[in-house]
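In what follows, a single structure is set out as structure tokens and then discussed.
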Amino acid sequence: MKIIYPKNLSKINIEKFFVKIGLKQLVIESKIKIPTNLDQRKMKIPQPPDLNDLYRLYMLIFLNKRTTVLEFGTGYSTLVMHYALMENKKRFGKKKPFQRCENPFEIFTIDNNRFFSKISKNRVKKYSKNSKFVNFFHSEVQMINYQGNFAVEFKKLPMVNPDFIYLDGPSQWAPKNRVNNFTTAHPDMMPMSCDIAKIENFLTPGTIIVSDGRTANSTFLKNCFKRNWTFKRDIKNDQI
């Protein structure tokens, strides 16, 4: 399958795009400044939306006609990807996209932080009349030994087989336990989720996985995968 990538737009045109689809508030909130002396990995309030990242997520789902999204970590991305799915729903109409699609145009988002999940859920309800298509899940995160490697996993996952996966969680600070005294919850470490590798065998051909940065985690998953995935690193947009 050939993936269609969105065109790069100027900041002004991206802002116009969000105004056009009814999300002008995101443009306003994107202008909030974060003090440069703060460690964004430890922030306990939502970060301002990155419009460029959100635009690319929307277009990847729209251009490639994605139908079901699994999101690790929740935020502004949940709302924007939901909007993209609703636009695809209009294009497909009442016709079922394909046989193995029990959750057409739904997004399943999982997070360990109830505070962030509540903010995200309220945001979806505020800006969408179709919030029933967004499924929020909460799960604790734990350190495990995955095939001889230290990694983290959600203790439970949504029951869904997506054709689009967005990896932006959990936080490296999420696990409370240690394995052999090792944990990612340390300033020198980084996120290292293994959940996608565990469900790889069930993913249908053509599934798209997007990682928000997380270069080390993406490399780990690439090494764990058994299939011959196409791997592309977008340095300019910090996506993989």
Show the residues, 5+ positions off or on another chain, whose built amide H is closer than 5 Å to the amide H of Tyr166.
Leu70, Glu71, Phe72, Val210
Strictly over 21 Å apart at the Cα level, which of Lys125/Lys176; Lys2/Lys65; Lys11/Lys31 would you flag in this model?
Lys125/Lys176
Here, chymotrypsin sites (Phe, Trp or Tyr not before Pro) of the range 155-240 satisfying both criteria (DSSP loop; at most 12 other Cβ within 10 Å) are Phe231
Tabulate in residue order the Karplus-calculated ³J(HN,Hα) for the range 54-64, using 6.51 cos²θ - 1.76 cosθ + 1.60 with θ = phi - 60°, rounded to whole Hz; enter x for Gly and Pro.
5, 4, 5, 4, 4, 6, 4, 6, 5, 5, 9
Could you give each residue of the range 195-210 its phi-based ³J(HN,Hα) in whole Hz, using Karplus coefficients 6.51, -1.76, 1.60 with θ = phi - 60°, and x for Gly or Pro?
4, 5, 4, 6, 9, 3, 4, 9, 6, 6, x, x, 4, 10, 10, 10
Tally Lys and Arg at +1 and Asp and Glu at -1 over the other residues with C-beta under 12 Å from the C-beta of Tyr83: what net charge comes out?
+4
Can you list the equivalent-ellipsoid semi-axes of the range 118-172, largest first and in whole Å, using the square root of 5 times each Cα gyration tensor eigenvalue?
28, 13, 10
Residue-wise, which Karplus ³J(HN,Hα) couplings in Hz belong to the range 137-142, taking 6.51 cos²θ - 1.76 cosθ + 1.60, θ = phi - 60°, and x for glycine or proline?
10, 10, 8, 6, 10, 9
Using a Gaussian network model on the chain with a 10 Å cutoff between Cα atoms, which of Gly75, Gly169, Gly206 fluctuates the most?
Gly206
Hey, what number do you get for the chain at 222 nm if only DSSP H runs of n ≥ 4 count, each worth -39500 (n - 2.57), divided across all residues, to the nearest 500?
-9500 deg cm²/dmol
Rounded to the nearest 20 debye, what is the charge dipole size of the chain about its Cα centre when +1 sits on each Lys and Arg Cβ and -1 on each Asp and Glu Cβ?
920
From the cross-link list Lys90/Lys222; Lys7/Lys89; Lys126/Lys222, the entries with a Cα-Cα span beyond 31 Å are Lys90/Lys222; Lys126/Lys222
How large is the convex hull of the C-alpha atoms of the range 80-168 per residue, in Å³?
112
Label point 7 Å out from Gln25 along Cα-to-Cβ: which residues of the range 52-69 have amide N under 18 Å?
54-55
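Rule-based calculations on the coordinates, nothing more; no lab input. In this text the structure is predicted, and so the values were computed from the model without any measurement. Because the Cβ atoms are built from the backbone with ideal geometry, glycine has one as well, and the counts that use them run over all protein chains shown.
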